[in-house]
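Heads up: the structure comes next, in structure tokens.
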Amino acid sequence: MTAAARPVAPERLQRAVRDILVAGGCVDAVAEAVADGLVDADRHGVASHGVSRLGIYLERLRSGAVRGDDAVTVEREWETGAILDAGHGFGAWSAARAVDLCIEKARSAGMAVVVTRSADHFGRAGAFSSRMAEAGLVAIVAANTAPLMPAVGGAEAVLGNNPLSIAAPGGAAPHVADMALSAVALGKIIEAERAGAEIPPTWATDADGAPTTDPSAARAGLLLPAAGAKGFGLAFFIEVLTGVLGGGAIAGEVRSLYKQRDEPNDCSHVFIGIDASRFEAGESVAERTDRLADRIRRSPRAPGVDAVYAPGDLERAAAARTAEAIPLAAATADEVEALAAAAGVASPFGGGA
């Protein structure tokens with residue numbers, strides 16, 4: 001925990017965020033889902049998708065860019081899949097609905113694909129893939145976003161950094177990979193800007209296309225694809241799996257959460273689930289995946305490296321460290337306190353219920 005961080009109990013933070021959202025116009029169930037998602041991100045060490053987003057979520061709620069009720073409808077459904085319309089409601093809520101449906105269909109048919117269109121930012125993709133893996137599925141979760149990345153050699157943002165998470169069952173906990181397809185998620189650049197910190201020059205360019213260490217300049221410029229053409233190619237096909245398959249917005253039709261704050265985001269999400277039990281004969285998929293992860297952890301370390309991690313290890317370690325207290329950055333803590341005061345809600349940092 002840094003000197004500038006302020007510790008807060010997860011339960012108190014979740015309750016305060018939920019109550020702030022209800023005061024802002026959310027129905028209880030939606031507010032609960034959004035608050036759970038934001039606090040879950042902070043608990044897993046992903047502050048870029050945590051309660052630092054609460055202010056912009058509220059601003060979009062009040063402007064009508066996102067709805068605070070249950071606006072999800074099933075547009076089309078078949079044995080192994082469905083297309084949902086989120087009705088421009090909160091992404092954490094529509095994603096939870098899609099996950100429930102995907103789990104149900106995958107258990108019945110062996111596998112399933114659910115695509116949600118007209119959606120909004122859903123937070124940490126790994127939260128949803130983990131939930132599917134805990135239900136016994138090998139899961140793929142992805143979303144398209146407003147354009148942030150140029151094609152390799154290009155000078156215009158044409159695709160989003162389209163987050164992707166893949167998870168598999170494990171004995172004690174799922175194994176999870178969760179990543180943006182830019183060199184880094186935009187949220188990490190926003191966190192650096194809030195903290196007054198520099199960013200590595202490999203993350204983004206400024207408006208003129210030159211590498212920059214200034215997060216404010218990076219927000220006016222372009223994010224660089226992870227691994228160049230490889231990351232860009234993956235982002236392209238996530239666009240296909242989300243907006244194209246679901247009949248939703250694609251590429252430049254998806255709006256920015258930050259630059260177009262009073263307009264619907266209009267992104268799409270995809271949830272793919274494979275019932276792992278259908279592939280088992282003797283040793284379970286969870287046991288085999290655990291064995292694979294243990295092999296990685298036991299592999300020889302490079303000089304100066306203390307430990308080798310399997311996917312999901314760092315996030316699980318963060319969740320263990322924050323079980324009693326989440327270290328919120330000072331700027332985020334101050335904003336939560338101000339939002340709580342404005343909503344007439346007890347501060348999660350002490351005083352009141």
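The values are calculated or read from the model by the stated rules, or taken from the named source; none is laboratory data. This structure is a prediction, so every number in the text was calculated from the model and none was measured. Cβ coordinates were reconstructed from backbone atoms using ideal geometry, including for glycine residues, and neighbour counts include every protein chain displayed. Quick note on the areas: whole protein, heavy atoms, side chains included, nothing else; ligands and nucleic acids left out. Shrake-Rupley method; radii C 1.70, N 1.55, O 1.52, S 1.80 Å.
Going by average Cβ density within 10 Å per residue, which order do the peptides 273-285, 168-180, 114-126, 133-145 take, highest to lowest?
Values: 273-285: 15.6, 168-180: 20.5, 114-126: 27.5, 133-145: 25.5.
Ranking the peptides 273-285, 168-180, 114-126, 133-145 by packing returns 114-126, 133-145, 168-180, 273-285.
By the scheme Lys and Arg +1, Asp and Glu -1, what is the net charge of all other residues having a beta-carbon under 14 Å from that of residue 108?
On the way: positive: 105, 107, 278; negative: 77, 79, 100, 104, 275.
Net charge in that neighbourhood comes out at -2.
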Quick shape check on the chain: root eigenvalues a ≥ b ≥ c of the Cα gyration tensor, a/c under 1.5 is rounded, otherwise prolate if a/b tops b/c, else oblate, and it reads rounded
HN-Hα couplings for region 340-347 via Karplus (6.51, -1.76, 1.60; θ = phi - 60°), in whole Hz with x for Gly/Pro, come out as 5, 4, 5, 8, x, 10, 4, 5
Counting only protein heavy atoms with a 1.4 Å probe and every protein chain in place, the carbon and sulfur fraction of the accessible surface of region 104-172 in whole percent equals 57 percent
Region 201-341 accessible area per residue, 1.4 Å probe, protein heavy atoms, integer Å², reads 54 Å²
Note to self: C-alpha centroids of region 169-218 and region 280-353 sit apart, in Å, by 18 Å
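Tell me whether region 25-86 comes out rounded, prolate or oblate; compute the Cα gyration tensor, take square roots of the eigenvalues as a ≥ b ≥ c, and use a/c under 1.5 as the rounded threshold.
Numbers: a/c = 2.51, a/b = 1.48, b/c = 1.70.
Taking the square roots of the gyration eigenvalues as a ≥ b ≥ c, region 25-86 is oblate.
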A correct Karplus calculation of ³J(HN,Hα) over region 61-76, with 6.51 cos²θ - 1.76 cosθ + 1.60, θ = phi - 60°, whole Hz and x for Gly and Pro, returns 4, 5, 7, x, 5, 9, 8, x, 10, 7, 9, 6, 10, 8, 7, 7
The percentage of the accessible area of region 261-311 (probe 1.4 Å, all protein chains present) made up of carbon and sulfur atoms, to the nearest whole number, is 51 percent
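Could you work out the local net charge near residue 243, counting Lys and Arg as +1, Asp and Glu as -1, over the other residues with Cβ closer than 12 Å to its Cβ? Show your work: numbers first, answer last.
On the way: positive: 117; negative: 239, 253, 266.
Counting the neighbours of residue 243, the net charge comes to -2.
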Once the in-chain neighbours fewer than 8 apart are removed, the lysines whose Cα is under 21 Å from residue 259 read 188
